[in-house]
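Down below is the structure, laid out as structure tokens.
Every number in this text was worked out from the coordinates using simple rules, so none of it is lab data. Everything numeric in this text was worked out from a predicted model, so none of it was measured. In this analysis, Cβ positions are derived from the backbone assuming ideal geometry, glycine residues included, and neighbour counts consider all displayed protein chains.
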Amino acid sequence: MDLRRQCPNRYPEVMLLSSGTQTKTDRLAPHAEAGTPVLEARNIHKNFGGLKALDDVSFHLNKGEILGIVGDNGAGKSTLIKTVTGAYRKTSGEILLNGKPVEVENTRRARELGIETVYQASGLVEVMDAPSNLFLGREMTRSNWLGNALGFINRRMMRIETVELLKTLNIEVRNLAAPVRNLSGGQQQSVSVGRAAYWQGKIIILDEPANNIGVDQQRAVLELVERVRDSQGVSFIIISHNMDHIFNLADRVIVMRSGRMVGDLCIADTSRAEVVGLITGATIT
Amino acid sequence: MSDANSRDFLMAVRTRLDAAPESALLLSTFSLLLLMILVFSFTADQFFTLAVLRNVLTQTSIYIILGVGLTIVLTSGEIDISIGSIIGLGAMVLAVSVVNMGIPIGFGLIATLLVGVLCGLMNGFLTAVVRVPSIIVTLGALTFFRGLAYLLGGGTALVGFPPFLVWIGSGTVIGVPVPVCLALITVVLGQLFLKSTRTGQHIIAVGGNAEAARLAGINIRFSKILAFVIMGVLSAVASIIMVARLDAAQSVMGAGIELQVLAAVVLGGTSLFGGRGVILGSVLGALILTILQTGLLLSGVVQFWQLVAVGILLIAVVAIRISYEPSEVRP
């Protein structure tokens, strides 16, 4: 059982083109017709020794789309993401950005290409404050010789930029000088998403964005995702266990099972039962 | 009414300090230092004389210089217990090159500093690239460097250094002893490096959360190796001061100093688990240790009790800190 359905695209000109090919058994999304996807992965294989972690996975992500990835533990969701973002080397396959083949050797390269990733827990340095985390690895330096020659950081500018960003995205952080460890889980996650947006990621990938945080804060993070999408036209990939989040937020969902992609469905014309059925491998009637 | 006010005030202070853990640590360490000075001003008559003060500062300067280095290494998430042996090796290189071989003192000093760089490179490479835990690497280096020191200089003291070196040990610059000047420079540079430069921030990030640092594109290997190299150079500086103060060099120099420096740094609030380095705290910690020892001595306490007191103080301070910040405790 393997379900692929075309989704109507958010962008009208694309919608016209793709609406004609909407069939249930369409094996491959006809990317050439559906406007160029911002990200496309073709026939991705990833082996860990003899274990096939990813087996011929192909998917695409359209501009401004929120794509959900669901699947059981060990189904290959995180492996797929890590392969796309250069955290893992793929065994074979092809990755295209805006229709052009790219080599994503490492996470730094991914960020240069505009792919930002928000990880479950490990993305922030808990002992550092929000501005330092926002600029982690890309610190602003002073414009004088101290900055150029000795790498003196410009804390004041970093703080101003942080205040600006948090205001724009409506993220509330009370004390910017405090280590982010003192912030709630939701605020930390918001800082992570904000960081990805600040660095003008064209594609932002969230790995279990709502894990280990309170329900109110989950809603805040999900709303932030929508705001960033709507205001900056960013495309999102969201890995989640939470069907509510996927169905409230995503436009489309792909389902992984045992390293294979077994479903590519439009949220508008699928049901939770169908998606859960694909995740577990139960038959759908 | 006033009770509620003071409670509010205390709560406000607590919130501030929670948000700025390093200031809180500095404040507590500084209070301890003040308390100690207060107590000794009553128990020891000659405690407040200029000679004692000067002696205390000069003596502490070596611990302060080493403390700055160890703070940076601990911040990067590693440890270096080979610093005493780097001092021994550095002293021997200085003595053999200047006294035995007659090389000009300037070159001798450069050679000593280079040895510090090499020792740090070795520790850093084995830790960051070969990935042997730094406690093992530097435990091995501790005997390795000491062995080299003995091979180089033998077991006897080497004497006969030129006047310039003696000036480093006992000279003054506008009334301030040279070792104290060197310590001051080290503290200022160390503080600026760790808190105000990109590389320093990267060291904090690597020690705070190596995975996050890696994902942010920070070069973990470089950061850790650099921390060890800084430690090596500062150990070499300390060895120069030690030789200069004694006007003699011996292979055994610096033996056991790593534990005292570690005690000073931990007293100052630097985390053993990385990510939090309080350089000014290490300065205060070093001052506390020297003042405790000097104060007890001048108060007529037997030397064995001084050792007991230092041990109790160290454990008590860390225990109190942990009870105040449960989130700090990591398995």
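Derived scalar couplings between HN and Hα for the range B:68-79 equal 4, x, 5, 4, 5, 5, 5, 4, 6, x, 10, 9 Hz in order, rounded to whole Hz, by the Karplus curve 6.51 cos²θ - 1.76 cosθ + 1.60 (θ = phi - 60°), x for Gly and Pro. Taking packing as the residue-averaged number of other Cβ atoms within 10 angstrom, the listed peptides B:116-126, B:305-315, A:262-272, B:81-91 run from highest to lowest as B:81-91, B:116-126, A:262-272, B:305-315.
Among A:MET158, B:MET101, B:MET253, B:MET231, a tally of other beta-carbon atoms within 10 Å of each Cβ gives an order, fewest to most, of B:MET101, A:MET158, B:MET253, B:MET231. A full extension of the chain between B:LEU189 and B:ARG221 corresponds to an added length of 9.3 nm, given 0.36 nm per residue minus the alpha carbon distance. Remark: the range A:145-152, residue by residue, has Karplus-estimated 3J(HN,Hα) of 5, 4, x, 5, 8, 10, x, 5 Hz, where x stands for each Gly or Pro and the curve is 6.51 cos²θ - 1.76 cosθ + 1.60 at θ = phi - 60°.
For chain B, the mean residue ellipticity at 222 nm estimated from helices alone is -25500 deg cm²/dmol, where every DSSP H run of n ≥ 4 contributes -39500 (n - 2.57) and the total is divided by all residues, rounded to the nearest 500. For the range B:155-255, what does the relative contact order come out to in percent, with C-alpha contacts under 8 Å and a separation of six or more? Relative CO of the range B:155-255 lands at 45 percent.
Between B:THR143 and B:ARG7, the FRET efficiency from the beta-carbon distance, with R0 = 56 Å, is close to 0.50. Residues whose amide H comes within less than 5 Å of that of B:VAL278, counting only those at least five positions distant or on another chain, are B:THR270, B:SER271 (H built at 1.01 Å from N in the peptide plane). Amide H contacts of A:GLY93: A:HIS45, each under 5 Å away and 5 or more positions distant or on a separate chain (H built 1.01 Å from N in the peptide plane; Pro and chain starts excluded). Its residue count N sets the reference 2.2 N^0.38 Å, and the alpha-carbon radius of gyration of the protein assembly as shown equals 1.19 times that reference.
Cross-link partners among lysines for A:LYS52, C-alpha distance below 23 Å, same-chain residues fewer than 8 apart left out? The reachable lysines, counting only those whose Cα sits under 23 Å from A:LYS52, are A:LYS77, A:LYS82, A:LYS90. A simple rule links phi to the HN-Hα coupling: the Karplus curve 6.51 cos²θ - 1.76 cosθ + 1.60 with θ = phi - 60°, which for the range B:46-63 gives 8, 5, 9, 8, 4, 4, 5, 4, 5, 5, 4, 5, 5, 5, 6, 4, 5, 5 Hz, with x for Gly and Pro. Under 5 Å from the amide H of A:LEU206 lie the amide H atoms of A:VAL118, A:ILE237, A:ILE238, A:ILE239, each residue being 5 or more positions distant or on a separate chain, with H modelled from the backbone and absent for Pro and chain starts.
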